[in-house]
Amino acid sequence: MNVHGRSWTLEDTCTLVSLAKEGMPVSVISLKLKRSLADVLVKLNDLGLAPPVEA
């Protein structure tokens with residue numbers, strides 16, 4: 001669960017992983033998932049994934 005009490009669903013997590021592997025910038029991922037940059041970065045870290053490099 002993130003700081004706002006919204007849990008990550010399996011669908012959200014799968015979308016996050018797919019977008020990150022495609023190299024989508026974290027700022028765009030956060031907009032698509034309607035989550036803060038911090039939430040996205042923490043979840044990527046939890047999953048052992050490096051955040052894509054911002055262009």
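Each reported figure results from applying straightforward, stated rules to the coordinates on display, with no laboratory input. Computed from a prediction, not measured in an experiment: that's the story for all the values here. Reconstructed Cβ throughout: ideal geometry from the backbone, glycine too, with neighbour counts over all protein chains shown.
General observations
- Model label sites at SER7 and MET24, defined 7 Å from Cα along the beta-carbon direction, differ in position by 2.3 nm.
- Measuring nothing but alpha carbons in the chain and taking Rh as the Kirkwood radius, the Rg to Rh ratio lands at 0.91.
- Packing, as the average of other Cβ atoms within 10 Å across residues, places the peptides 42-50, 22-30 in the order 22-30, 42-50, highest first.
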